[in-house]
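Written below as structure tokens is the structure these notes are about.
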Amino acid sequence: MGNFKYYLTLAARNLWRQRRRTILTFLAVSLGLASFLVADSLMKGLDKQSIDNLITLETGELRLTAPGYIDIKEEDPLKKLLPKDQKLLALLAEDSEIAGLAPRLSFPVRVGNGWDEYPQEAVGIDPVKDTEVFKVKDYLVEGRWPEAGYEVLISRDTAKILELGIGDYLLMTTRTKSGAFQAVDMEIVGIVNTVNPNTNNQVFLPLAAAQEIVGVPDFLSQVDLRLAAGVDAREKAASLKEKIAGAGFQVETQPWQEMAEEFLQISKTKNAFIGIFLMMILLIATVGIVNSILLATIERTREIGVLKAMGMTEGNIVRLFLVEAALIGLLGSGAGLAIALAGEYYMVNVGLDMTEIIGNLDVGYPITGLIKGAWNPGTMVGGFFFCLLVCVLAGILPARYGAKKEPIEALRRV
Amino acid sequence: MSLLELKGVTKEYSRGRVSVKALRGIDLSIEPGEFLSIAGPSGSGKSTLLNLVGCLDVPTSGSIILDGEPLEKLNPQELALVRREKVGFIFQTFNLIPVLTAFENVELPLVLLKEDPKTIKDKVMKILEAVGIADLADRRPQDMSGGQQQRVAIARALVKEPKYVLADEPTANLDSENGKAVLEIMREMNERLGTTFIFSTHDQMVMDFAKRLVRLKDGQIISDERR
Amino acid sequence: MFVRKIVRTVLAALLLVAVSLPVLGAELSVDEIMAKLDENMFIEKIQYKATMVTINRGREITKEMTVKAIADTHALVEFTNRRDRGTRYLKIDDELWMRFPDTEEIVKISGHMLRQGMMGSDISYEDALESSKLQENYTAKLLGSETVNGRECYLVELTVKPGKEVAYPTRKMWVDKEHFTVWKEEMYAQSGKLVKESKTLAVTEIDGRVLPTEVVMENKLRRGSQTRMTLYDIELGGDFSQEDFSLRALTRP
Ligand SMILES: Nc1ncnc2c1ncn2[C@@H]1O[C@H](COP(=O)(O)OP(=O)(O)OP(=O)(O)O)[C@@H](O)[C@H]1O
Ligand SMILES: [Mg+2]
């Protein structure tokens, strides 16, 4: 132990002797770790927010559809519909694990102003029940929520592109279930601007109007559910399907994880990106440490000779330099952690306004505007020790190079 | 039994195609407690001889027997351990570790021998007093004169009570007064502790201090006198 | 009706025309009108060249094509204007294939693709493919008489029969009382909103039949969007048979 303390003193003093170089390496390690941790925090926050947005604005936590609906949705969503059965809805309403249910009917439409038209998804909603599951209404920027008749809520982007406002009529064309042309004028009663870019491609109208327009009274494309706190969507999907089958209805249940697959895929790609980030930091730390230790062994060649004459073995010398590497690593990682804590505190509590940085880009993330970080204690602990380990490992090669020096050669050099 | 026994020791350095015969067959035996000076002109092989005896290098041929054990059988690791336990070094240029205080420099050999802190403290203070610089224990080398630094070096070489101390021109970087003081300390230690000293020099004053004087020329012993 | 056929020709192309029997004087029942119309439309074999001009918000796109057709079952259309040269469509009964000249790839047009405008025009593939047997899908009702382009016409309203699936649940046709060509047609959405309107601007008489040679189709849901077809070099009959309408014919250089 006394031995180790001696090594530590020696290493610390030598680091202090070369403080300029030490500080550079220290900065590389600490800033590298800190930026990695903050980036990871942002990514995690982005994921969390995106998933929240996806669930509260687009998918709900669990979706009930007619069997086979998912497969034909892109081709012809009206082909496989769910009967709007009161018994089924009552069954869902009674389930204590279900906190809200929103019957919806969605189908592709083209919306226009008589000059231009764009493809969108029309979503028929139950004006009251929909808010039990979705938060679209919270993002109303003008007007009101559609209540009855041929009223429609559109996104601010759509309103802007079509140059339409509250009270104007939106020309909506689609096909009925039987394939007939359908064209209706919808009164715009509300404009929303949600943080989910996908919502910008949807128009919302009362369920009854939607059913009338495509000619499917008493049918739904889905019932979206919000689950009670702590209920696992995947498990509930399985158990609910059985329960409903027991009551004599055939449905398919889809937890949000499946609906978010595409997004989760992006999230994976992004994790690969984080991996690359990590490699870069690793490289910077490694180069810093190797450079530091290598230069130290060169400058202190004579000292190595003296220590060897005193009876230090190669192992002792390696150890001496590794303690130096570990010290830089410890200080660098420690400082990196501290900076990351401060940075993440800011990211979690204040956040980053993406609109200021990149504008309202659709980058495949169901998110716009303010991005907040998420605490990542696991990554912090892992990152700290990983960084430390990398520093020590990076020190091994140059330390061994230094320790190999022959004592007489080392001593001869003046 | 002799402390050191050199039999037909040669050392050849090869630099590219040129090879230099630094030692050409040295036979020498050194008894415990000797105070021996190796003298000779520059390039005569003094340093080479000390390095071999100090286990810092291995001979090209011949054998060096330390305490009855031939050194040529040892690997670098084992040689390091021999140095750690049995050999003290004093260098012409002092070679103190610049970031350590006098105390810490002297402490090093004992730390390597894993002595306990209390013993270390006692031994270090005692030896620092013996060489007359106890009051400089907390100074760094850069804040000491050459003479003071060499005293620290002597203390460092002696603190572990080695079998023998090797000193390669210990006074060459000191003025004559300091050189003399250093030599006196060395001889006092030799007499008090019985430590064997082997030092090289080409300074007549230093040779006069020696109790045995071995003269080298062109890598060979040309005289060996005891006084 | 006439327009619908032309459209069909263009694309999947069939041809119209049959021996038109001048029926003068006596008012006909709606079923008789429809029968005469079908009769006039039916042409054994036809080939012609056509120019299709699509105007959308002031932008004009012109395409040239040659068409060969047998009755309303087989048609081969080949575009000849520079940009689309080599693009071909083949219709056999109610199936449609398209061949891209660049990749020499053949694509069957089905499902939702049929609802798209053909080559950027206001005529959908669906319009072009529709079976000529109007009476099978629609109930016809005579609303009265009107004059269009100075011609006396029957105004006929078609309403989809229950259980039949058609693109336009309601349509109105103005049928020439003498030649049984359609001078004007309106197509309505389920909601009753006018979706498309086609008008015959010019006709010509060949072998005793009166054939429309210039038709304009307007998309009523998009202001300023219309497609104008002009037919020329029309030849009834020709040196080809059903065997010439095959997937191999599509790829033939
Ligand atoms: N590492 C080496 N490589 C090649 N030649 C060497 C090496 N070390 C010493 N020599 C040569 O060996 C000979 C003896 O050198 P050594 O250093 O032992 O002499 P010295 O008596 O100590 O001289 P000085 O009084 O100058 O210190 C010299 O010719 C020297 O050039
Ligand atoms: Mg020498």
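The values are calculated or read from the model by the stated rules, or taken from the named source; none is laboratory data. All figures in this text were calculated on a predicted structure; none of them were measured in a lab. Here Cβ is always computed from backbone atoms with ideal geometry, including for glycine, and neighbour counts include all displayed protein chains.
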**Complete:** Counted residues in segment B:129-150 being buried (at least 22 other Cβ atoms within 10 Å of the Cβ) and not in a loop (DSSP other than H, G, I, E, B) come to 2
**Request:** Name the strands (runs of 3 or more DSSP E) wholly inside segment B:1-114 in which the number of residues that are within 16 Å of ligand 1 (Cβ to nearest atom), of a type in the set (Phe, Trp, Tyr) and within 30 Å of B:Asp135 (Cα to Cα) is 1 or more.
**Result:** B:87-90
**Asked** On the given criteria, is B:Val53 crowded, with 22+ Cβ neighbours inside 10 Å, in contact (Cβ under 8 Å) with a residue 40 or more places away in the chain, facing chain A (nearest Cβ under 10 Å) and of a type in the set (Val, Ile, Thr)?
**Response** no
**Fill in**
The lone condition B:Gly40 fails out of (1) away from ligand 2 (no atom under 16 Å from the Cβ); (2) closer than 24 Å to B:Val182 by Cα is (1)
**Request:** For residues that are within 16 Å of ligand 1 (Cβ to nearest atom) and not in a strand (DSSP E or B), scanning just segment B:180-204, find the one that is farthest from the other protein chains (Cβ to nearest Cβ).
**Result:** B:Gln204
**Request:** Could you tell me which numbered condition B:Arg226 fails, if it satisfies all but one of (1) in contact (Cβ under 8 Å) with a residue 12 or more places away in the chain; (2) within 15 Å of ligand 1 (Cβ to nearest atom)?
**Result:** (2)
**Prompt:** Residues A:Leu82, A:Leu33, A:Leu42, A:Leu37: which one is of a type in the set (A, V, I, L, M, F, W, C), buried (at least 18 other Cβ atoms within 10 Å of the Cβ) and assigned by TED's automatic domain parsing to the domain that holds A:Ile154?
**Reply:** A:Leu82
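Restricting to segment C:219-244, name every residue that is part of a loop (DSSP other than H, G, I, E, B) and more than 14 Å from chain A (Cβ to nearest Cβ).
Within segment C:219-244, C:Gly237, C:Gly238, C:Asp239, C:Phe240, C:Ser241 meet the criteria.
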**Asked** So which residues in segment A:94-105 are surrounded by fewer than 20 Cβ atoms within 10 Å (Cβ to Cβ), in contact with a strand residue (DSSP E or B) (Cβ under 9 Å, 6 or more places away or on another chain) and either among the small types (Gly, Ala, Ser) or part of a strand (DSSP E or B) (or both)?
**Response** A:Ala99, A:Gly100
**Message:** For the structure I just gave you, tell me whether B:Pro98 is within 26 Å of B:Val159 (Cβ to Cβ) and either at the interface with chain A (Cβ under 9 Å from one of its Cβ atoms) or in contact with a Pro (Cβ under 6 Å, 6 or more places away or on another chain) (or both).
**Reply:** yes
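Only one of C:Val210, C:Val203 is assigned to a strand (DSSP E or B) and at pLDDT 90 or above; which?
Exactly one residue qualifies, and that residue is C:Val203.
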**Message:** Out of the residues in segment B:105-157 meeting the condition of being over 24 Å from B:Glu177 (Cα atoms) and aliphatic (A, V, I, L, M), tell me which one is farthest from the other protein chains (Cβ to nearest Cβ).
**Reply:** B:Met125
**Asked** Right, B:Val58: farther than 24 Å from B:Met207 by Cα, within 16 Å of ligand 2 (Cβ to nearest atom) and surrounded by fewer than 22 Cβ atoms within 10 Å (Cβ to Cβ) or not?
**Response** no
**Matching residues, segment C:154-177, being away from chain A (no Cβ under 14 Å) and surrounded by fewer than 22 Cβ atoms within 10 Å (Cβ to Cβ)** = C:Leu155, C:Glu157, C:Lys172, C:Lys177
**Message:** Pairs please, first residue from segment C:102-113 and within 14 Å of chain A (Cβ to nearest Cβ), second anywhere and at pLDDT below 75 and assigned to a helix (DSSP H, G or I), Cβ atoms under 9 Å, 6+ apart in sequence or on different chains.
**Reply:** none
**Item:** Extreme residue, nearest to C:Gln116 (Cα to Cα), among residues of segment C:178-197 that are among the basic types (Lys, Arg) and buried (at least 18 other Cβ atoms within 10 Å of the Cβ)
**Value:** C:Lys196
**Message:** For segment A:1-26: of the residues being more than 8 Å from every other protein chain (Cβ to nearest Cβ) and of a type in the set (Ser, Thr, Tyr), which is surrounded by the fewest Cβ atoms within 10 Å (Cβ to Cβ)?
**Reply:** A:Tyr7
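Across segment B:61-75, what is the number of residues that are exposed (fewer than 15 other Cβ atoms within 10 Å of the Cβ) and either facing chain A (nearest Cβ under 10 Å) or in contact with a Lys or Arg (Cβ under 8 Å, 6 or more places away or on another chain) (or both)?
2
Residues in segment B:92-105: is at least one of a type in the set (Ser, Thr, Tyr), farther than 19 Å from B:Arg140 by Cβ and within 16 Å of ligand 2 (Cβ to nearest atom)?
No: zero hits.
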**Item:** Lone qualifier among B:Asp168, B:Asp224, B:Asp218 - being surrounded by fewer than 20 Cβ atoms within 10 Å (Cβ to Cβ), within 16 Å of ligand 2 (Cβ to nearest atom) and closer than 27 Å to B:Gly40 by Cα
**Value:** B:Asp218
**Request:** Check off (1) more than 9 Å from chain A (Cβ to nearest Cβ); (2) surrounded by fewer than 20 Cβ atoms within 10 Å (Cβ to Cβ); (3) touching a residue at least 40 places away in the same chain (Cβ under 8 Å) for C:Val216 and give me the number that stays unchecked.
**Result:** (3)
**Item:** Meets criteria (within 23 Å of C:Glu243 (Cβ to Cβ) and at pLDDT 80 or above) for C:Leu96
**Value:** yes
**Request:** Might you let me know whether segment A:324-337 holds any residue that is over 36 Å from the mean Cα position of the chain (by Cα) and in the same structural domain as A:Ile396 (by TED's automatic domain parsing)?
**Result:** yes
**Request:** Test each condition in (1) closer than 18 Å to B:Gly54 by Cα; (2) within 16 Å of ligand 2 (Cβ to nearest atom); (3) within 13 Å of chain A (Cβ to nearest Cβ); (4) assigned to a loop (DSSP other than H, G, I, E, B) for B:Asn173 and report the one that comes out false.
**Result:** (1)
**Request:** Return only the number of the condition from (1) part of a strand (DSSP E or B); (2) more than 22 Å from C:Ser191 (Cα to Cα) that C:Leu143 does not satisfy.
**Result:** (2)
